[in-house]
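Undergrad: The structure follows.
Since every read-out is calculated from the coordinates, none of them should be taken as a lab result. Fair warning: this is a prediction, and the values are worked out from it, not measured in the lab. Glycine gets a Cβ as well: all are built from the backbone with ideal geometry, and neighbour counts include every protein chain shown.
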Amino acid sequence: MQRTTKIEGMTLSATRYKAPRDARRAYEKGLEAERNGKLVNARKYFEQAVEIYPRFANAWFQLGTVLQKEKQNDAARKAYTQATTIDTKFLPPYLSLALMAYRARNWTEILKLTGHILDLDPLNQAAATGYILDLDPLNYAEAYFYNSVANYKLNKIEDAEKSALKAEHLDLRTRIPQVHLLLAEIYAQKNNYANAISELQTYLELAPHAKQADQVREQLAELEKLSGSVATSEKPEKE
């Protein structure tokens with residue numbers, strides 16, 4: 001297992017340090033209000049911060065998160081997009097936009113957004129073979145998962161498998177058990193029943209009480225039957 005962190009500018013925009021004192025003060029008050037669940041106050045402070053300093057990417061991102069919590073998705077999307085326009089190396093708003101695209105089933109938009117994140121992820125180019133404890137506050141495993149789903153939906157199976165395996169290796173805190181369902185679908189489509197079965201079993205271990213757990217158990221039983229039939233048909237006949 002490897003431990004790693006990444007470049008600070010990817011999770012905290014440098015525009016924060018360039019902001020005037022009044023903008024930074026409003027931003028900090030916004031963070032405190034958001035932590036305390038006072039979303040109306042948080043939104044007011046973040047709006048104040050970006051009004052004072054329009055190029056405050058962090059404040060635009062936080063404004064987007066508050067707006068999204070308030071179910072104002074169109075306004076949230078505009079705030080996230082504004083943050084990406086200001087600082088293309090600041091990645092959290094790209095991930096938030098990818099989640100919105102995932103919920104909207106906009107697969108091509110997901111590939112565009114996650115592609116930008118993964119292009120800037122040093123681990124994407126690393127020759128890592130084991131599991132990775134990623135200490136970066138940005139959840140890169142989530143980005144790889146969305147990327148994998150989008151590739152799978154667009155019938156790019158090999159790319160989907162590659163990203164799903166990356167997500168699996170990064171998700172040591174098991175926040176995305178769905179990646180195992182996705183890998184099971186990929187392996188089943190490739191007639192790799194042993195790996196598909198293993199992934200379904202892992203999912204059930206991680207999420208035994210999930211809403212779809214019974215459906216997954218049925219799928220697992222079907223794959224086990226298929227695997228047994230294949231194994232029987234491959235046995236050499238006795239002379």
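Undergrad: Which lysines, on any chain, are close to Lys166 with Cα under 25 Å apart, when same-chain ones fewer than 8 places away are left out?
TA: Lys6, Lys89, Lys112, Lys153, Lys156, Lys190
Undergrad: To continue, here is another question. Nearest 0.05, what FRET efficiency do Asn195 and Arg105 give at R0 = 25 Å with Cβ-Cβ as r? Don't jump to the answer; show the numbers that get you there.
TA: Values: r = 27 Å, r/R0 = 1.06.
With a Förster radius of 25 Å, E is 0.40.
Undergrad: Counting Lys +1, Arg +1, Asp -1, Glu -1, what net charge surrounds Ala42 among other residues with beta carbon under 13 Å of its beta carbon?
TA: Details: positive: Lys29, Arg35, Lys38, Arg43, Lys44, Lys69; negative: Glu28, Glu32, Glu34, Glu47, Glu70.
Here the count lands on +1.
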